[in-house]
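A quick write-up on the structure given underneath.
The values are calculated or read from the model by the stated rules, or taken from the named source; none is laboratory data. Bear in mind the structure is a predicted one, so any value in this text is a computation, not a measurement. Here the Cβ positions follow ideal geometry from the backbone for every residue, glycine too, while neighbour counts run over all protein chains shown. SASA here: full protein model, heavy atoms, side chains in, ligands and nucleic acids out. Shrake-Rupley method; radii C 1.70, N 1.55, O 1.52, S 1.80 Å.
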Amino acid sequence: MTLDLSILDLGSLSHEDKKYPEMVTGRTVQIDGDFLAYQVSAERPDEPKSTEDMKHNARVAVEDIRRMAAAEHVAMHLTPFTSNKGHRYDQAIQRVYQGNRQSKEKPRMLHAMRTWLSDNFNGFLWEQCEADDGMAAAQYTAIREGKRELSIVASKDKDLDMVPGLHMVWDTGDIVDTAATNNDDFGWVDLKESRSASGMKKTKIKGYGHKWFWTQMLIGDTADNIQGLPKVTGSVLNWIDPTAAVRQAYQVVATGGDNKKAIAAADKILKSRKPKACGPALAIKLLDQMINNRIAFTAVKGLYEAYGNEVGFKDHAGNNVPWQSVFVSEAQLLWMRRDVNDDNDVIHWFKEIT
């Protein structure tokens, strides 16, 4: 079931016509209020909405989400316009954080609906972080307290898919557990293929659990203007995706003996491989080697180091910056926090997993 709140009058949807899972007593659904506020306040130019229509649609949507998530309670998480967003603007190095949003016009009633949602649905207006961080921290707290089944995330934002535990898929109402594969919250990622209206094939990565965090460290996040790893270096490509010429060059280096001319030619081939952007297919090849957080940390850090040493990182003003700084910056931008007050939560997590 798809919640397209920007164009539907949700009052016309009857709860009695839907099949909901049985409610889990004590479960709270952590709702992405930022996304919900956008949807209920969005208007077509020729079809303005009244404030009462927006509120009515929001009530219907919240009840629908609560029941799809099999939850008894709701918690509404929102990012007010006064929020410092966890100082992510200051942490960003490669690109300006959310710099691609500056020219986008917001719905006229967006801020008012954020406040209304907070006032009416057990709201949290996060001034020192983002709503995503608030949702993540609530879920981590439930898991830490042995109440894993009593918290579930409901968001359209794929960033939150890295958070351990239960997730309600916004468009379908399906409930996903990050530990469904391998029985741990490292999770999984897969390639998903689809076709556009024109028939062109599109490939993207979808996943849940901490492995999704490592995926974003490679491919970035276009929605928030986060670069991720700019490219995979030629030396890494030779290892993970060797061409026929590269395989032959490796063979020559390994067996060439005293033939310096042949070895020099092979070495030239190996060093001539150009860096390549880390698209979905290449990312999957890299991620397939990562079976837990410790290995993923070592591998992804190594990829950043290789790029820094062979190509070099630059900040958004064009200045050279150390790869270590970029690696930490991208992690801080992408990580959904366990502690809403800790801007360096991901650094502490790195220390725990290694």
- Taking Lys and Arg as +1 and Asp and Glu as -1, residues besides Val300 with C-beta under 12 Å from its C-beta add up to +1
- Item | Furthest towards positive pole of dipole, Ala262, Asn320, Tyr307, structure part region 243-354, Cβ charges | Ala262
- Task: Would you mind checking which residues have amide H under 5 Å from Val232's amide H? H placed 1.01 Å from N; only 5 or more apart, or other chain.
- Result: Lys276, Ala277, Cys278
- Counting only protein heavy atoms and using a 1.4 Å probe, what share of the accessible area of region 219-354 belongs to carbon plus sulfur, as a whole percent? 52
- Message: Show me, for region 179-184, the HN-Hα J-couplings you get by feeding each phi into the Karplus relation (A = 6.51, B = -1.76, C = 1.60, θ = phi - 60°), rounded to Hz, glycine and proline as x.
- Response: 8, 5, 10, 6, 6, 8
- Message: Based on alpha-carbon centroids, what's the gap between region 309-354 and region 162-217 in Å, whole number please?
- Response: 23
- Answer in debye to the nearest 20: the dipole magnitude of region 63-102 about its Cα centre, from +1 Lys/Arg and -1 Asp/Glu charges placed on Cβ, is 240
- Item | With Cα atoms, 0 to 90° folded angle of helix 260-271 axis to the chain main axis | 10
- Query: In region 82-122, what percent of the accessible surface is made up of carbon and sulfur (1.4 Å probe, ligands and nucleic acids excluded)?
  - Reply: 45
- So the pair-distance distribution of region 146-285, from every Cα-Cα distance in 5 Å bins, comes to percents of 2, 9, 14, 15, 14, 12, 10, 8, 7, 5, 3, 2, 1, 0
- Note on the structure: Quick tally, 1.4 Å probe accessible area for Asp90, Asp184, Asp224, sorted with the most first, runs Asp90, Asp184, Asp224
- Query: Relative contact order (percent) for the chain, with alpha-carbon contacts under 8 angstrom and 6 or more residues of separation?
  - Reply: 18
- Task: Provide the per-residue ³J(HN,Hα) series for region 345-354, in order, calculated from phi with Karplus coefficients 6.51, -1.76, 1.60 and θ = phi - 60°, each as a whole number of Hz, with x at glycine and proline positions.
- Result: 4, 5, 5, 5, 5, 4, 5, 5, 7, 10
- Query: Looking at region 44-123, which GluC sites (Glu not before Pro) are DSSP coil and have at most 16 other C-beta atoms within 10 Å of their C-beta?
  - Reply: Glu72, Glu105
- Roughly what % of Cα-Cα distances in the chain sit above 27 Å, to the whole percent? 53
- Task: Evaluate the relative contact order of region 250-329 (contact order divided by residue number), counting alpha-carbon pairs under 8 angstrom at least 6 apart; express in whole percent.
- Result: 15
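May I ask you to list the chymotrypsin sites (Phe, Trp or Tyr not before Pro) in region 38-139 that are in a DSSP loop and have at most 13 other Cβ atoms within 10 Å of their Cβ?
Here the chymotrypsin sites (Phe, Trp or Tyr not before Pro) that fit, given the DSSP loop and packing criteria, are Phe81.
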- Query: Given the Cα-Cα distance of Ile347 and Met200 and 0.36 nm per residue of separation, how much length would full extension add, in nm?
  - Reply: 48.9 nm
- Item | Column: log10 I(q)/I(0), Debye, Cα scatterers of region 218-354, q = 0.11, 0.15, 0.21 Å⁻¹ | -0.50, -0.83, -1.31
- Query: Which ³J(HN,Hα) values in Hz, rounded to whole numbers, follow from the phi angles of region 111-122 under the Karplus curve 6.51 cos²θ - 1.76 cosθ + 1.60, where θ = phi - 60° and Gly and Pro get x?
  - Reply: 5, 5, 6, 4, 5, 5, 4, 5, 5, 10, 9, 6
- Counting sequence-distant residues (5 or more places) and residues on other chains, those with an amide H built under 5 Å from that of Val74 are Val29
- Query: For all pairs of alpha-carbon atoms in region 285-354, what percent lies in each bin of width 10 Å, listed from the first bin to the last filled one?
  - Reply: 18, 45, 32, 5
- Note on the structure: Surrounding charge for Lys202, neighbours by C-beta under 10 angstrom, Lys/Arg +1, Asp/Glu -1, total +3
- Item | Heavy-atom accessible area ranking, 1.4 Å probe, most first, across Arg88, Arg59, Arg338, Arg114 | Arg59, Arg338, Arg114, Arg88
- Taking every pair of alpha-carbon atoms in region 60-205, give the share separated by more than 27 Å as a whole percent. 34
- Task: Considering only DSSP beta bridges where both residues belong to the chain, give the percentage that are antiparallel (nearest 5).
- Result: 50
- Surface accessible to a 1.4 Å probe, per residue, for the residues of the chain, Å²: 50
- Item | Heavy-atom accessible area ranking, 1.4 Å probe, most first, across Arg67, Arg144 | Arg144, Arg67
- Query: Rounded to the nearest 20 Debye, what is the dipole magnitude of region 99-170 about its Cα centre when Lys and Arg each give +1 and Asp and Glu each give -1 at the C-beta?
  - Reply: 220
- Note on the structure: Computed about the Cα centre, the charge dipole of the chain from +1 Lys/Arg and -1 Asp/Glu charges at the Cβ has a magnitude in debye, to the nearest 20, of 1740
- Message: Give me the net charge for the shell around Ser151: Cβ to Cβ below 11 angstrom, other residues only, Lys and Arg +1, Asp and Glu -1.
- Response: +2
